[in-house]
Amino acid sequence: MAQRYTKAQLAWRPGMPKPRRSTRVLFGSSTLALQALAVMFAGLAMFGLRGRLDGGLPVLIVSLVVAAALIVCCAVLTKPWGIAAGWALQVVTVLLGLFHPAMYVVGVIFGCLWAYAVIKGGTIDRENAERDRAQAAWEAEHPDQA
């Protein structure tokens, strides 16, 4: 069976620097993954509090769908609309407070974590890009020392 290579693997040559990954995507993915766990466990807790006969099953299904959407959003953060989808999921998480008031607190806490991840991650990405430009300019001026 022939092995398939990605475009990046085919374009790689020895000595090529590895492209820098986005810190904003890393921070955002970590936050969304932890949020998915919190939403899933909160859904299980709300199901346990309400029971199957008192409307607990729809709450469990909704929370599991939101948790799955949070995990899927981790994969699309590199897309132009990925960050906006993350913000929309923050609103949805806060709206889970309609099922149990404690979810308002959980939603606000993760909303703040998401805002910090997106803002600070973007700042770090810009600083890294500036540092990479300065390094490339220095190496161009000093080819014998690079």
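Computed from the coordinates by the stated procedures, all read-outs in this text should not be read as laboratory data. Every value quoted in this text rests on a predicted model; they were computed, and no experiment measured them. Neighbour counts are summed over all protein chains in view; Cβ atoms, including those assigned to glycine, are modelled from backbone coordinates with ideal geometry.
Here the stretch 1-82 is treated as a sphere whose radius is the Kirkwood value from Cα pairs; by Stokes-Einstein at 37 °C and 0.692 mPa s it diffuses with a coefficient of 209 µm²/s.
Here the chain is treated as a Stokes sphere of Kirkwood radius computed over C-alpha pairs; at 25 °C and 0.890 mPa s its diffusion coefficient rounds to 136 µm²/s. Relative contact order, percent, of the chain when contacts are C-alpha pairs under 8 Å separated by at least 6 residues? Across the chain, relative contact order equals 27 percent.
Cβ neighbours within 10 Å, averaged per peptide: list 137-145, 92-100, 115-123 in order, most packed at the top. Before the final figure, lay out the partial values.
Details: 137-145: 8.6, 92-100: 17.8, 115-123: 15.8.
My ranking of the peptides, most packed first, is 92-100, 115-123, 137-145.
List the lysines whose Cα lies under 30 Å from the Cα of Lys7, skipping any in the same chain that are fewer than 8 positions away. Here the lysines satisfying the reach criterion relative to Lys7 are Lys18, Lys79.
Length gain on complete extension for the stretch Arg52 to Arg131, per 0.36 nm per residue less the alpha carbon to alpha carbon distance?
Working: separation 79, 0.36 × 79 = 28.44 nm, distance 5.62 nm.
In short, 22.8 nm is gained.
Centre-to-centre separation between the Cα atoms of the stretch 79-95 and those of the stretch 28-61: 18 Å. Taking label points 7 Å from Cα along the Cα-to-Cβ direction, Thr78 and Val65 give a separation of 2.9 nm.
Loop-resident chymotrypsin sites (Phe, Trp or Tyr not before Pro) (DSSP state other than H, G, I, E or B) in the stretch 1-57 with no more than 14 further Cβ atoms inside 10 Å of their Cβ: Tyr5, Trp12. In a reduced charge model with +1 at each Lys and Arg Cβ and -1 at each Asp and Glu Cβ, the stretch 24-140 shows a dipole moment near 220 debye about its Cα centre.
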